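Accompanying notes for the structure given below.
The values are calculated or read from the model by the stated rules, or taken from the named source; none is laboratory data. These figures come from a predicted structure and were not determined experimentally. Positions of Cβ are backbone-derived with ideal geometry, glycine not excepted, and every protein chain shown enters the neighbour counts. SASA here: full protein model, heavy atoms, side chains in, ligands and nucleic acids out. Shrake-Rupley method; radii C 1.70, N 1.55, O 1.52, S 1.80 Å.
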Amino acid sequence: TVARSSLTITAPTLPGVLPDNNRTVFEVPAGSSGSTIQTAINQAAALSGQRPVVHLAQGTYTILSTLTVPANADVQIIGDGGVTELDWGGPQGTSPVIDLAGPSRAILRDFMIQTYGKSAGIQVDNADQVGARIFMEQATLSRGQTAGLLVDQLDNANVELHDFYPSATYTAPAVTGTGLRVVGGPSASGGNPLGGRTS
């Protein structure tokens, strides 16, 4: 036990306020249609190079056709966490809820997608360029028809998963498939790996 007066105590220095990067924000009101979201994405994509934001306010959105992010658009699509939900209401089939046309520079963050086993959630096309990187953090994938995440025939791209939560895949009436499936690229399968990996 020592006297308080004998201690040298200094208050910690708090971190400063984050910088305002002056991003253009396109606000999408809760419950808007998929076509309204697509219009906001297209407007944001026209500002490529400025990292524009499409903000999906807390609420449920019924998506009847695939939302497409154009290639090379550095769009950020950001929700308000698990209370922002995109529900697939389109036909049964292979059309995803969101399609990132590659090469993609998009960021998707803080929202939930429900497909009810009718479609893929997010599809990334043309993503195997040299130096390509696909990063996922705190993604929870469940009840996919064949795989929660399918990494399909990539030779160059590095797929990096942090705090990744895949769970059972589902095809009625049984639980089948796997949480993560990686299919090697043609170069790797031919004995010439080019450095791409999933970790």
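Taking only the range 1-40 into account, find how many residues are within 30 Å of residue 108 (Cα to Cα) and either open to solvent by less than 90 Å² (accessible area, probe 1.4 Å) or in contact (Cβ under 8 Å) with a residue 24 or more places away in the chain (or both). Can you show your working first?
Initially, the range 1-40 is screened for residues within 30 Å of residue 108 (Cα to Cα), giving 14-40.
Subsequent filtering for residues that are either open to solvent by less than 90 Å² (accessible area, probe 1.4 Å) or in contact (Cβ under 8 Å) with a residue 24 or more places away in the chain (or both) retains 16, 21, 23-40.
Residues in the range 1-40 being within 30 Å of residue 108 (Cα to Cα) and either open to solvent by less than 90 Å² (accessible area, probe 1.4 Å) or in contact (Cβ under 8 Å) with a residue 24 or more places away in the chain (or both): 20 in total.
Within the range 125-132, identify whether any single residue is in a strand (DSSP E or B) and open to solvent by 40 Å² or more (accessible area, probe 1.4 Å), and answer yes or no. It would help to see each step written out before you state the result.
Taking the range 125-132 and keeping what is in a strand (DSSP E or B), we get none.
Checked the range 125-132: no residue is in a strand (DSSP E or B) and open to solvent by 40 Å² or more (accessible area, probe 1.4 Å).
Suppose we filter 139, 101, 172, 120 for residues that are more than 16 Å from the chain's Cα centre (by Cα) and either modelled with pLDDT of 95 or more or among the aliphatic types (A, V, I, L, M) (or both); which single one remains?
When all the criteria are applied, what remains is 172.
Looking at 43, 50, 58, which is the one that is free of Cβ contacts under 8 Å to residues at least 60 places away in the same chain and under 14 Å from residue 106 (Cβ atoms)?
On the way: 43 fails: under 14 Å from residue 106 (Cβ atoms); 58 fails: under 14 Å from residue 106 (Cβ atoms).
That would be 50, the only listed residue that is free of Cβ contacts under 8 Å to residues at least 60 places away in the same chain and under 14 Å from residue 106 (Cβ atoms).
Check residue 113 against each of (1) closer than 18 Å to residue 29 by Cα; (2) modelled with pLDDT of 95 or more; (3) surrounded by 14 or more Cβ atoms within 10 Å (Cβ to Cβ) and name the one condition it does not meet.
Of (1) closer than 18 Å to residue 29 by Cα; (2) modelled with pLDDT of 95 or more; (3) surrounded by 14 or more Cβ atoms within 10 Å (Cβ to Cβ), only one is false for residue 113: (2).
Limited to the range 72-108, what total is found for residues that are open to solvent by 20 Å² or more (accessible area, probe 1.4 Å), assigned to a loop (DSSP other than H, G, I, E, B) and of a type in the set (Val, Ile, Thr)?
Qualifying residue count, the range 72-108: 2.
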